[in-house]
Amino acid sequence: MSRKILHVDLDAFFCAVEEKFDPSLKGKAFATGGSPEGRGVVTSCSYAARQHGIHSAMPMIQALRKYPELLVVRGHYKDYTDFSRQVMAIIRELTPLVEQISIDEAFLDVTDLPQEAVEIARDLQKKIYDTLGLPCSIGVASNKLMAKIATNIGKSRHTGSNYPMAILYIPPGTEKDFLAPLPINEMWGIGPKSAERFRALGIEKIGDILKYPLPWLQQHFGKFASDLLERAQGIDNRLVEEYEGVKSVSNEVTFFEDLGDRQLLLRTIRGISEKVGRRLRHKALSGKTVRVKIRWPNFETITRQITLPQPTDQDKVIYETASTLFLKEWKPGKKVRLIGVGVAQIGDDYQQLSLLDHSYEKEKNLLDALDALHERFGKDAIQKGIQSDNYRSWKDA
Amino acid sequence: MKLTVSQAQLAHGLGVVSRAVSPRSTLPVLNNILIATDEGRLRLSATNLELGITCWIGAQIEEEGSITIPARIFADLVSTLPGDKVSLALTVRTQSLNIRCGTSNFDIKGIDAQEFPPMPIPDLASGVELNVADFKDMIRQVGFAASADEARPVLQGVLMEINENQMSLAATDGFRIAVRNAELSNAIANPVKVIIPARSLGELARIATDGNETVTMVVPQDRGQAIFHMKDAELVTQLIEGNFPDYRAILPRTFKTRTIISTTEFLKACRQAEIIAREGNYVIRLKIQPQEGGPGAVEFTTQSEEMGSGEVVVDANIEGPELLIAFNVRFLSEVLEVIGTPNTILETNANNTPGMLSPVGDESYKHVIMPMHLG
């Protein structure tokens, strides 16, 4: 029996929330995001704005050049998170098989429900709209891949300046034919860059993929080739899985005043790294992924992460990785509002020892000694010279 | 250029050289294979500037000449040709190669052979003769221990040292070291000490055919290259510059616990454990348990949070104190696959110092592995 999978995607989510707080925005061309002076980007834009060629992720300054009357609304992220949680709660009333993939998107497996899938979608859309006033589009299909594409195509068929609130159903058995005429960039996982590569090889439409034999595809796309062939036929056996909240240890600092001083920023990162390291060691855990979070003064927030060859619980490794990630994003003088460091992909503490480099063992001995002193005499008993300056003038969040 | 070759030989020759083609090179001629007449034979060459491979095949040559042809197109085409005789003819004016076979007739555009990087010509008299089968065996026992980490180029290579008639290969990725010694039949005058990319040695092992054939290694002075010459093929590789770690200082000299264990049983235990261990961190724990007045046993255990756990016990001859030590199971499997004797010696000191594996009754191979630390 084929499955019934829904993909729910809130329509212009941030804008829809803003309209709730300021009804005068309704029908107007407006966008949320950073200010044009601060090199901000469009995080969401109303459908009226889209008619003027504005789209999300576009630099705000460019958006204003395209349409100078565009209203720029400062984003209220806390509200978005709150509403997102409420939407997900409504979805979870329907089924526990929910996989949230971003703040405004989720998959649902409703195979076990007796109603027709489209009917379920219609009811859900209505309920979210009636309860929260938020419009959404839903793709209905037999798997995640097709449901996601259904939403995208459903939305793209909509024209006009109001919300699409699309529901598109791709019946089981019609997947391949549905996909065949679609441009290659509609395939989930193929971004603009890879789409270029496909086009260069003469693959313009998703159906074109099926014209080539697997070995040829393997030559060009390597391991991805057999997936590609399956996807081009609309085959996707992945389950809707509750995404276990990433187990991670992290900490962040919000500055009282936006800070652009390299040394102070790095010292903050060092301080947070030490805190994270201490917490990991305290729980006898290690993590393989180091992550930094940076919030710019315009509230735009980015996270960057890197996976290490071996898990770590050492301040030094965390700091060195986090500061490298940070410095890739930061330009001298650029101000920062918040900075966070986290370690994820947590597991048991293990380490492949090295024959040539004994820094792990040395650092471990040092940290063991420091942790023991902190345990006995408190946090201020001993600290690294580099941290001895008082930097408590910033709020520790 | 005008000649006839056998389709099978041409396909084989292209298979030999095509691994040196750099498919994504910005220099178009490096995507090509050089085809040239060479003293009554047909020469095929490819290079990515780090590694170059040449192969000679028999041909009936009517007219001398040379051209370079896109490697993929040529190889794909040759592999599908129907007949057994292939005629190749160069049209100099258009620099295109006409390929005829049975009723197939193709014209492929090439690039002037002058643009192809010249391959060095080895002075074979100054070379060292190595037995192909022995040398391949050495490469197989050592090469895999080299690092794949591009950040540490020296560790991507295999250190080759020859003094008089003593030769050694060593490779390390920082976590393990493989060392293989051998005796040459003839002593050489000038000692050799070079770091050869492990990948190049791997390719050499691939193209060197077994039998009693020899390979002649030439290291021209100050060229940063090594050339391996065989009857029908030649491989040129750039050498890696830098200081190879002083591995002899790292190899432990004494051990407290000495375990002699069947190589197949040891490998079987590792393979079984890996089924679970690969789901986690590849950790295998060895509980080495000597027994008073009799053989002891090694208990191999593995566990993964998601998959479960396992335990295999193998009898072993153990001298010395009991020890619990953890290793990366892949490191163990890889060395056990090349040990080559029915029994293996595992020598250890403590759970945070290196362990050494070597074949029983064969002093020429040593493999040292650093354990894993478990918190």
(request) Treat every Asp and Glu Cβ in the protein assembly as shown as -1 and every Lys and Arg Cβ as +1, leave all other atoms uncharged, and give the resulting dipole magnitude about the Cα centre to the nearest 20 debye. (result) 2460 debye
(request) Find how many whole Å separate the alpha carbon centroid of segment B:11-37 from the alpha carbon centroid of segment A:212-281. (result) 38 Å
(request) Using all C-alpha to C-alpha distances in segment B:2-115, build P(r) with 10 Å bins and read off the rounded percent in each one. (result) 15, 52, 30, 2
(request) Treat each spin label as a single point 7 Å out from the Cα along the C-beta direction, and report the A:Ile61 to B:Asn190 distance in nm. (result) 6.1 nm
(request) Take the alpha carbon atoms of chain A, find their radius of gyration, then divide it by 2.2 N^0.38 Å using N residues; give the quotient. (result) 1.15
(message) Could you tell me the relative contact order of segment B:251-369? Use alpha-carbon pairs under 8 Å, at least six residues apart, and round to a whole percent.
(response) 30 percent
(message) If I build a Gaussian network model for chain B, linking alpha-carbon pairs within less than 10 angstrom, which residue out of B:Thr216, B:Thr47, B:Thr80 has the largest mean-square fluctuation?
(response) B:Thr80
(request) Decide, for segment A:134-189, between rounded, prolate and oblate: order the square roots of the alpha carbon gyration tensor eigenvalues as a ≥ b ≥ c, take rounded if a/c falls under 1.5, and otherwise choose prolate if a/b is larger than b/c, else oblate. (result) prolate
(request) Can you check what the Kirkwood hydrodynamic radius comes to for segment B:106-199, Cα pairs only, in Å to one decimal? (result) 15.5 Å
(request) Return one number: the angle in degrees, 0 to 90 and rounded to the nearest 10, between the long axis of the Cα atoms of helix B:132-142 and the longest principal axis of the Cα atoms of chain B. (result) 50 degrees
(request) Against the globular-protein guess of 2.2 N^0.38 Å, express the Cα radius of gyration of the protein assembly as shown as a ratio, rounded to two decimals. (result) 1.18
(message) Would you report the distance distribution of C-alpha pairs in chain B as whole percents per 20 angstrom bin, up to the bin with the largest distance?
(response) 26, 44, 26, 5, 0
(request) Find the relative contact order for segment A:150-221 and round it to a whole percent, using C-alpha pairs within less than 8 Å whose residues are 6+ positions apart. (result) 24 percent
(request) Would you kindly state how much longer the chain becomes between B:Asp149 and B:Asn317 on full extension, computed as 0.36 nm times their sequence separation minus their alpha carbon distance, in nm to one decimal? (result) 56.8 nm
(request) Run a plain Debye calculation on segment B:251-369 (Cα atoms as equal point scatterers, no solvent) and give log10 I(q)/I(0) at q = 0.15 Å⁻¹, rounded to two decimals, same order as the q list. (result) -0.61
(request) Calculate the dipole size of chain A relative to its Cα centre from +1 charges on Lys and Arg beta carbons and -1 charges on Asp and Glu beta carbons; express the result in debye to the nearest 20. (result) 1020 debye
(request) Could you work out how far helix B:71-80 tilts from the main Cα principal axis of chain B, as a 0 to 90 degree angle to the nearest 10? (result) 80 degrees
(request) When a/c is below 1.5 the answer is rounded, else prolate if a/b is larger than b/c, else oblate, so apply that to segment A:238-365 with a ≥ b ≥ c taken from the square roots of the Cα gyration tensor eigenvalues. (result) oblate
(request) Rounded to the nearest 0.05, what FRET efficiency do A:Thr95 and B:Ile275 give with R0 = 30 Å and r taken as the Cβ-Cβ distance? Could you check? (result) 0.30
(message) Given N residues in segment A:232-281, what is its alpha carbon radius of gyration divided by 2.2 N^0.38 Å?
(response) 1.99
(message) Pick from A:Arg337, A:Arg122, A:Arg157 the residue whose mean-square fluctuation is largest in a GNM of chain A, springs joining Cα atoms under 10 Å.
(response) A:Arg157
(request) Give a quick list of chymotrypsin sites (Phe, Trp or Tyr not before Pro) in segment A:282-363 that DSSP marks as loop, anything other than H, G, I, E or B, with at most 15 other Cβ atoms within 10 Å. (result) none
(request) Find the centroid of the Cα atoms in segment B:43-94 and in segment A:40-65, then give the distance between the two in whole Å. (result) 55 Å
(request) For helix B:198-207, report the angle its Cα long axis makes with the longest principal axis of the Cα atoms of chain B; keep it between 0 and 90° and round to the nearest 10°. (result) 60 degrees
(message) Just to check, using Stokes-Einstein with a Kirkwood Rh over alpha carbon pairs, what's the diffusion coefficient of segment A:176-232 at 4 °C and 1.567 mPa s in µm²/s?
(response) 117 µm²/s
(message) Sequence gap at least 6, Cα distance under 8 Å: using those rules, report the relative contact order of chain B to the nearest whole percent.
(response) 12 percent
(request) Determine, from the Cβ-Cβ distance of A:Glu320 and B:Lys231 and an R0 of 51 Å, the FRET efficiency 1/(1 + (r/R0)^6), rounded to the nearest 0.05. (result) 0.45
(request) Grab the DSSP H runs of the protein assembly as shown that are 4 residues or longer, score each as -39,500 (n - 2.57), total them, divide by all residues and round the 222 nm result to the nearest 500 deg cm²/dmol. (result) -8500 deg cm²/dmol
(message) Checking understanding here: applying a Kyte-Doolittle mean of at least 0.0 and a length along the axis of at least 15 Å (C-alpha), which whole DSSP H helices in chain A pass?
(response) A:144-156
(request) List the pair-distance distribution P(r) of segment B:128-248, using every Cα-Cα distance, as the percent of pairs falling in each 5 Å bin from 0 up to the bin containing the longest distance, rounded to whole percents. (result) 2, 12, 23, 26, 22, 11, 4, 0
(message) Less than 15 Å from a label point 7 Å out along the Cα-to-Cβ axis of A:Ser102: which backbone N atoms in segment A:195-209 qualify, by residue?
(response) none
(message) Please return the longest range in chain B lying between exposed loop sites, taking trypsin sites (Lys or Arg not before Pro), DSSP loop only, at most 12 other beta-carbon atoms within 10 Å, and leaving the sites out.
(response) B:94-230
(request) Provide the descending list of Cα extents for segment A:1-114 along its principal axes, expressed in whole angstroms. (result) 52, 26, 25
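We did not get these values from a lab; they are worked out from the coordinates using the rules stated. In this text the structure is predicted, and so the values were computed from the model without any measurement. Backbone-built Cβ (ideal geometry, glycine too); neighbour counts: all protein chains shown.
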